[in-house]
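Sending over a structure as structure tokens; questions will come in a sec.
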Amino acid sequence: MIFFKEKAGEDDSAEVEPIQEALLAPEEPKEKPEFSLKQQYKDLLTNRSYNFMTLSISCMVSEIFIILTLMSEILVPHGYTDHDASVFGFWGNLMGIVGGILAAAIITKTDKYKMTSIWLIIGTILGTAGFQLSAT
């Protein structure tokens, strides 16, 4: 909306000066929030959800590494060669990478980190149990 005055007065410049001063005035420095790395670690290590997720993911990763590392010792007694065991290990690693990419995409699209993590944990437990039962 545009407003017009009937006559230009001398006080027009007086109205502009405070605005120009406000625009040209330097910004006041803002106070930085207190940051304590020690307090951040303390909060993180006392977070129950974080500790549960760290423990469960650590168990999943170590279990998969153990299976893939011992693939030869597990499969050779059942008639497979060392080459077959290394191929199975390669495909196991590749499927882990693909699964990680898919999980990251699902989490990014849906923002359901907890649900995705629970399904990954359940899938890992069922996959490991199935592998153990098929090997015996």
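The values are calculated or read from the model by the stated rules, or taken from the named source; none is laboratory data. This structure is a prediction, so every number in the text was calculated from the model and none was measured. With ideal geometry, Cβ positions are generated from the backbone for all residues, glycine too; neighbour counts draw on all protein chains shown.
Can you name the number of the only condition in (1) loosely packed, with under 10 Cβ neighbours inside 10 Å; (2) of a type outside the set (A, V, I, L, M); (3) assigned to a helix (DSSP H, G or I) that Gln39 fails?
With (1) loosely packed, with under 10 Cβ neighbours inside 10 Å; (2) of a type outside the set (A, V, I, L, M); (3) assigned to a helix (DSSP H, G or I) applied to Gln39, the lone miss is (1).
Of all the residues that make up segment 72-84, how many are within 16 Å of Gly127 (Cα to Cα) and either modelled with pLDDT of 80 or more or more than 35 Å from the chain's Cα centre (by Cα) (or both)? Please lay out each step first, then the result.
Let us first name the residues in segment 72-84 that are within 16 Å of Gly127 (Cα to Cα), namely 74.
After this cut, where a residue has to be either modelled with pLDDT of 80 or more or more than 35 Å from the chain's Cα centre (by Cα) (or both) as well, the list is none.
So the count comes out to 0.
Which is under 23 Å from Thr69 (Cβ atoms) and either in a helix (DSSP H, G or I) or of a type in the set (Ser, Thr, Tyr) (or both), of Ile118, Ile125?
Checking each option against the conditions leaves just Ile125.
Another question, if that's okay. Just for segment 43-71: of the residues that are surrounded by 10 or more Cβ atoms within 10 Å (Cβ to Cβ) and of a type in the set (D, E, K, R), which one is modelled with the highest pLDDT?
Only one residue fits best here, namely Asp43.
Within the set of pairs 6+ apart or on separate chains, which have a first residue in segment 18-42 that is at pLDDT 65 or above, a second that is surrounded by 10 or more Cβ atoms within 10 Å (Cβ to Cβ), and C-beta atoms under 9 Å apart?
Every condition considered, the pairs that remain are Ser36/Lys42.
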